[in-house]
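Shown next, in structure tokens, is the structure this report addresses.
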Amino acid sequence: MTRKVDPWSTAIVYGDTYGTLVFVPKARAVELASTYEAIRTSATWGELRARMPAPAYERFLEMTGDERVDFEEFYREEQKTRPELTREEAREEYLTLSLDLRNPEPDDRFNAGDFAALNEGDFPTWQLQEMLDWVPHDIQRQYGTCGSSAVSGPCLEFSARQVREIVAAFETHGYRCERNDLLISRACGYGDAAAADAETSSRSTEFSSSERLGHLESLLSEWVVLYPDSQTTADPGGHERLVLSRDGTYTWKPAPDWARPIGRWGVRIDREQNEAIVLCFQAKAGSWRCHYLIPSRPLPGGPMHWVWQRALAVVVHPDGRKELAPNVVLFSERVLELHRPR
């Protein structure tokens, strides 16, 4: 028995993203593509608001500043203790607040890399997870594979090898399917497919205009990605595989929602932290996600693995020397661990 659907919502688009098929209602795909394009191209908050669909912009404001107040509320509160305060004076004070406490002005600088919600994939969405909400359950059971991100939870994956069978199943449910790899690529935050392919084939990984990322021989390998639990031990059930290649590209499957399945990686050296290694991955929003990487051997004689963490524990000696303390790693600062496959 097929499911009855609203004829106005039956148009869906699909495409191949690195071997995985993604299906999205067409109107939703257009909205997401516009949202990602606004994030990628806007230099000010005014540009962001003008380019991003209104519902997405309002949601982004909520996610990035739940303590924000508008000017009128700020002025009323200040007048309770300073009745002599003029609107002009209050306005000047209001604009000195950080952007997580006040509404952004059109000329305020916008940088996607400043927001964890963008770099970690929480906004606008993770398409592989969103498919769980609307794809008919019989199609999920027959053709889908339940994947998972240790950070963001379950997702639905379809193999591109079964594209004909899966499209036919959608059409049986009354959907009108249109293949549009470019729109799907943009709706998933990967930009233009051709541009992404050219980008990942580049052999020089650029971090900034003045610094290039390098690579370490000891990292050129396949890794199992594990996430520590609340007792600071790795989850033995982890199944993410990360391959770091010499040409500056990586493959990560299944990828966490903030990262691309295929992208660029590299390391840089923090000269101010005793030559500490900083591991960098290109996130969906186009910015770089960079954290410290330290070697770890939790058991005497056990295999070496790497801990990717947000901050370093540094010991400062009486003579002023600074020394890394890699054995002092707080759970709250640990992001993930890279282990050799068994």
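The values are calculated or read from the model by the stated rules, or taken from the named source; none is laboratory data. Everything numeric in this text was worked out from a predicted model, so none of it was measured. So basically every Cβ, Gly included, is an ideal-geometry build from the backbone, and we count neighbours across all protein chains shown.
Numbers below:
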| read-out | value |
| --- | --- |
| Unmet requirement for THR64, which otherwise passes all of (1) under 30 Å from GLU178 (Cβ atoms); (2) modelled with pLDDT under 90; (3) surrounded by 15 or more Cβ atoms within 10 Å (Cβ to Cβ) | (1) |
| Residue tally, condition under 19 Å from the mean Cα position of the chain (by Cα) and at pLDDT below 90, over the range 16-35 | 3 |
| Hits in the range 40-61 (condition: within 13 Å of ASN111 (Cα to Cα) and of a type outside the set (Lys, Arg)) | THR41, SER42, ALA43, THR44, TRP45, GLY46, GLU47, LEU48 |
| Inter-residue pairs, beta-carbon under 6 Å, first closer than 23 Å to SER245 by Cβ and modelled with pLDDT under 70 and in the range 264-287, second assigned to a strand (DSSP E or B) and basic (Lys, Arg), 6+ apart | ALA283/ARG289 |
| The range 175-208 - residue that is at pLDDT 75 or above and in a loop (DSSP other than H, G, I, E, B) and, of those, surrounded by the most Cβ atoms within 10 Å (Cβ to Cβ) | GLY189 |
| Output for the range 76-121, where each listed residue is farther than 30 Å from GLU157 by Cβ and either assigned by TED's automatic domain parsing to the domain that holds GLY147 or acidic (Asp, Glu) (or both) | GLU77, GLU78, GLU84, GLU88, GLU89, GLU92, GLU93, ASP100, GLU105, ASP107, ASP108, ASP114 |
| For VAL135: the one exception among (1) farther than 23 Å from ASP16 by Cα; (2) more than 20 Å from the chain's Cα centre (by Cα) | (1) |
| So ASP16, is it surrounded by fewer than 13 Cβ atoms within 10 Å (Cβ to Cβ) and of a type outside the set (Val, Ile, Thr) | no |
| Some residue of the range 88-97 being assigned to a loop (DSSP other than H, G, I, E, B), out of contact with any Lys or Arg (no Cβ under 6 Å at 6 or more places or on another chain) and either surrounded by 13 or more Cβ atoms within 10 Å (Cβ to Cβ) or of a type in the set (D, E, K, R) (or both) | yes |
| Complete set of residues in the range 217-256 that are surrounded by 14 or more Cβ atoms within 10 Å (Cβ to Cβ), of a type in the set (A, V, I, L, M) and modelled with pLDDT of 50 or more | LEU219, VAL224, VAL225, LEU226, LEU242, VAL243, LEU244, ALA255 |
| Those helices (runs of 4 or more DSSP H) lying entirely in the range 1-82 with at least 1 residues within 28 Å of MET131 (Cβ to Cβ) and in contact (Cβ under 8 Å) with a residue 40 or more places away in the chain | 26-41, 45-51, 54-64 |
| Condition check for PRO124: in the same structural domain as ALA29 (by TED's automatic domain parsing), surrounded by 18 or more Cβ atoms within 10 Å (Cβ to Cβ) and either closer than 24 Å to ALA54 by Cβ or modelled with pLDDT of 90 or more (or both) | yes |
